[in-house]
Amino acid sequence: MADRNAPFAALRGKTPEDLFGRLATPCYILDEAALRRNGELLAGVAARTGCRWLLAQKAFSNYDCYPVLAPFLAGTEASGLYEARLGFETLPDKEVHVFCGAYREQDFGELLRYAGHIVFNSPAQLAKFGPRAKAAGKRLGLRINPEKSTQEGHEIYDPCAPGSRLGTTRAQWDRQMTPELVALLDGLHFHTLCEQDSDALEVTLQAVAEKFGDVLPQMQWLNMGGGHHVTRPDYDIPRLERCIRFAQEQWSVTVYLEPGEAWALNAGFLASRVLDITENGGVVNAILDCSAACHMPDVIEMPYQPPVYGAVIGRPLEAEAFQDCHSERSEESVPSASKNTDPSTPLRSAQDDRANIYRLGGPSCLSGDVIGDYCFEHPLQEGDMVLFGDLAIYSTCKNNSFNGMPLPNIYRRTEDGRLEQLTEFGYRDFKYRLGR
Ligand SMILES: Cc1ncc(COP(=O)(O)O)c(C=O)c1O
């Protein structure tokens, strides 16, 4: 399992140049065999527990690949009108759930065409839109905030941070939820995790039980949100299943989970090439034809540092000793921790003078357009391919054309190994989001 899901396991022993050498870079490659493997793993949890899995499209919405995931999905989860429409159009036989921090009047009528389950963030939004949605036969939910932070140092990803606008706290519920509003509800929803294991879910569920245990028996379903890193090799699946069963038994609810990352973890690559190599004060910069800011924005926002084929993250003294970088690697040798760059630290010292350490960055004007420091097995040269792993998620759906940077085309690698081009991006895609 660990090896099968490692970031470059999908290459099955071939080199990036063998597989992707003929593609114009930069480009994304989505690996359908890896998507299926993730889907099968999630389907196993559903088969054992009866939970229902949704795909959070904010993380992965390359709908050409949806047919691979469809057998494992109860439906899709949307963040608003457009994602709801995408799920409805591309998976017409599946459920469409939507949660939005606040709905707009002008969208709501159309949203009712697509979504079967509509989750509100506040009692006021439930009061404003709920009666109309109920009359249209929709199932309604309210997002609750159990006020239990389980992640540290990541406030931007913590919906339970003090003062959070996301979810209804128990105090807000007690102030604003009238019996009429409660009667509109079919379910409750919480989303509190980010790339976490099931121990964090267990802690969260305890808080949910303490704060909302009295109202849950009136509900038909409980949606436990996303952030469950289930397809990560060391994820504790039995504990997840215990959490699901606890909710089912305690409150007689149908349990939904709506991860995004878990569906497409380690199921995509970004292929790029070296354009130039410069040296400044001991830092050797390799400037690539892809950009952190434009093509992998989570590298800057999270921050997150993607694995690179044939390299380890960081300097060799910090990173684990070299493994065989061309073989399938365990997650441990490819830490996906925060970005490993200290701008003041020269990358080369007397000890590691011959180590192939490069700071990978993009060609944009942004000084911080840096992906991170990597120690390569071989020296890099202009024209070399640099293949990033784990870039199916929060990448193709989040990229941009800042600096007039072209959008990388997207390919899918089918299960029988064919490469199919899904997009044909060009100047028009840059120009027509700016004007006519
Ligand atoms: C409401 C909601 N559901 C699901 C998700 C998916 O989370 P992940 O991709 O981390 O599993 C998110 C992510 O922000 C979210 O906000």
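No lab work stands behind these numbers, since they all come straight from the coordinates. Only a predicted model underlies this, so the values are computations on that prediction, with no experimental measurement involved. Counting neighbours? That spans all protein chains shown, and the Cβs are built from the backbone with ideal geometry, glycine included.
Quick notes on this structure:
- Rounded to the nearest whole Hz, the Karplus-based 3J(HN,Hα) values (6.51 cos²θ - 1.76 cosθ + 1.60, θ = phi - 60°) of the stretch 255-262 follow the sequence 9, 9, 10, 9, x, x, 3, 4, with x at glycine and proline.
- Gyration tensor (Cα) of the chain, equivalent ellipsoid semi-axes in angstrom: 40, 23, 21
- Annotation: amide H-H contacts under 5 Å for C27 (H modelled 1.01 Å from N, sequence separation of 5 or more, or interchain): A271.
- Backbone geometry of the stretch 205-213 corresponds, through the Karplus equation with coefficients 6.51, -1.76 and 1.60 at θ = phi - 60°, to 3J(HN,Hα) couplings of 4, 4, 5, 4, 4, 5, 8, 10, x Hz, x marking Gly and Pro.
- Beta-bridge orientation, the chain: approximately 45 percent antiparallel, per DSSP, counting only bridges with both partners inside.
- The modelled label-to-label distance between R132 and D93, using points 7 Å beyond Cα along the C-beta direction, is 3.3 nm.
- 3J(HN,Hα) couplings calculated from phi for the stretch 292-304 with the Karplus curve 6.51 cos²θ - 1.76 cosθ + 1.60 (θ = phi - 60°) are, in sequence order, 5, 5, 8, 10, 8, x, 5, 4, 8, 6, 5, x, 9 Hz; Gly and Pro show x.
- Taken along the Cα-to-beta-carbon direction at a fixed 7 Å, the label points for A43 and E152 span 4.0 nm.
- Label-point separation, E420 to F402 (7 Å along Cα→Cβ), nm: 3.3 nm
- Other-chain or far-sequence residues with amide H under 5 Å of A56's (modelled H): E77, G260
- Among I410, I237, the order by Cβ neighbours within 10 angstrom, fewest to most, reads I237, I410.
- Each residue in S61, S164, S149 was given a count of other beta-carbon atoms within 10 angstrom of its own, and listing them fewest first yields S164, S149, S61.
- Filter on K14/K94; K94/K134; K58/K431; K134/K211 - keep pairs with C-alpha separation over 28 Å: K14/K94
- Largest mean-square fluctuation among E32, E147, E89, in a Gaussian network model of the chain whose springs join Cα atoms under 10 Å apart, belongs to E89.
- Per-residue Cβ neighbour rank within 10 angstrom, fewest leading, H97, H191: H191, H97
- Relative contact order, percent, the chain [alpha-carbon distance under 8 Å, six or more residues apart]: 20 percent
- If you run the Gaussian network model on the chain, springs between alpha carbon atoms under 10 Å, then out of D18, D186, D64 the most flexible one is D18.
- Charge dipole of the chain (Cα centre as origin; +1 on each Lys and Arg Cβ, -1 on each Asp and Glu Cβ, all else neutral): 1600 debye, rounded to the nearest 20.
- Amide H contacts under 5 Å for L275, placed H, 5+ residues apart: I287, L288, D289, G383
- Cβ-Cβ distance of S79 and I277, R₀ of 56 Å, FRET efficiency by 1/(1 + (r/R0)^6): the value works out to about 0.90.
- Highest mobility in the GNM of the chain, judged by mean-square fluctuation with C-alpha springs under 10 Å and restricted to H229, H117, H378, is found for H378.
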